Amino acid sequence: MKEMIQSWKHVFKLDPDKEISDDSLDVVCMSGTDAIMVGGSTGVTYENTVDLLSRVRRYELPCVQEVSDLEAVVPGFDLYMIPMILNTQDPTWIMGRHREGIERYGYMIPWDLVVTEGYIVLNENAAVAKLTGAETSIEAGTAAAYAQIADKLMNLPIVYLEYSGAFGDMETVRTVRRSLDNARLFYGGGITNAQQALEAASISDTIIVGNVVYDDLEQALETVKAVKG
Ligand code: 1GP
């Protein structure tokens, strides 16, 4: 199951806390994107997550949960993506919540479906940056050093450069890219059109497209076409 991430080029991230009509969800799920990731930084509950999962389940594409709240972990997803925030001094977001989750749910965690993401959060205005106290004002070389901790010291399968809400600095993405040997590079943040999708996709393995689904669905679909041809 976990191997499926190796083939992902484009993923739509849907926020259970945001409204999406059946028609919009239909075009998103039929767009040719490789997977739907369900998650968000705030307002994610068990109920709104179950609701979105059951609606996406009508379609054939993989549906994975990015876990951000222990109360909102829902059985039935294809994979569980577990962020570890690398560029914070607050251990809560590196392993604190993780320890809590394992103590609480250890016996029923489907480990073969669990994928860890080494997150580097780089947009200071993003909710996730504020929540986790991420040190966003770092040089590209520092971001690459964090990426190597994930890739080489921790053997994490994914390094996720998270600019949520703003298109990131492509030079930094390039620097991080060059520092990785095994981990896949996920890029997410501020992709709102085909050109940005192409640019980010050319220097990462997988692009994650979020907000534009809610802001401009037509443009969101263009990001799939750009990357998936
Ligand atoms: C958010 O990385 C994703 O976690 C996507 O970012 O919402 O800015 O597209 P956007």
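Please treat every number below as a calculation from the coordinates, not as lab data. Every value quoted in this text rests on a predicted model; they were computed, and no experiment measured them. For neighbour counting, all protein chains shown are included, and Cβ atoms are generated from backbone atoms with ideal geometry for every residue, glycine included.
Rank the residues 223, 172, 192 as a footprinting-exposure proxy: fewest other Cβ atoms within 10 Å of their Cβ go first. Don't skip to the end; give the middle numbers.
Working: 223 27, 172 20, 192 17.
Sorted ascending by nearby Cβ count, the order is 192, 172, 223.
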Inset, instruction - For the range 17-74, would you read off the P(r) tail past 14 Å as a percentage of all alpha carbon pairs? - result: 51 percent
Legend entry - Leading residue at positive end of dipole, the range 188-228 (Cβ point charges), from 223, 192, 206: 206
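Size of the dipole of the chain about the Cα centre, Lys and Arg at +1 and Asp and Glu at -1 on the beta carbon, nothing else charged, in debye to 20? Please list the in-between numbers first.
Values: 18 positive and 34 negative charges, 124 e Å.
Magnitude of the dipole: close to 600 debye.
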Legend entry - Share antiparallel - DSSP beta bridges, the range 25-170, percent rounded to 5: 5 percent
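At a 10 Å Cβ-Cβ cut-off, how would you order 104, 97, fewest neighbours first?
Numbers: 104 12, 97 19.
So the ranking, lowest neighbour count to highest, is 104, 97.
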Legend entry - residue 87 long-range amide H proximity, modeled H, under 5 Å: 121
Inset, instruction - Take the cross-link list 18/130; 9/152; 2/225; 18/152 and give me the ones stretching past 30 Å between alpha-carbons. - result: 18/152
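Please compute the Kirkwood hydrodynamic radius over the range 131-185, one decimal place, Å, based on all pairs of different Cα atoms. Each step should come with its number before you reach the end.
On the way: mean 1/r = 0.0867 Å⁻¹.
By the Kirkwood definition, the hydrodynamic radius is 11.5 Å.
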Inset, instruction - Would you mind computing Rg(Cα) / (2.2 N^0.38 Å) for the chain, counting N as its residues? - result: 0.94
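So, with +1 on the Cβ of K and R and -1 on the Cβ of D and E, and no other charges, what is the size of the charge dipole of the range 165-229 about its Cα centre, to the nearest 20 debye? List each step's numbers first, then the result.
Values: 6 positive and 9 negative charges, 61 e Å.
Computed charge dipole of the range 165-229: roughly 300 debye.
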Inset, instruction - For the range 107-229, give the magnitude of the charge dipole about the Cα centre (Cβ charges: +1 Lys/Arg, -1 Asp/Glu; no others), in debye to the nearest 20. - result: 280 debye
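Starting from the Cα coordinates of the range 86-152, work out the convex hull volume and express it per residue in Å³.
Cα-based convex hull of the range 86-152, divided per residue, equals 100 Å³.
Among the GluC sites (Glu not before Pro) within the range 28-91, which fall in a DSSP loop and have no more than 14 other Cβ atoms within 10 Å of their own Cβ? Could the numbers behind the result be given before it?
Values: sites: 47, 60, 66, 71; in loops: 60.
Answer in residue order: 60.
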Legend entry - Karplus-derived HN-Hα couplings along the range 170-183 (A = 6.51, B = -1.76, C = 1.60, θ = phi - 60°), whole Hz, x at Gly and Pro: 5, 5, 5, 4, 4, 4, 5, 3, 5, 8, 9, 10, 10, 5
Legend entry - Euclidean distance between Cα centres, the range 43-73 to the range 16-37, Å: 12 Å
Inset, instruction - Work from the charge dipole of the chain (Cβ charges, +1 for Lys and Arg, -1 for Asp and Glu, about the Cα centre) and give the residue of 94, 68, 148 farthest towards its positive end. - result: 148
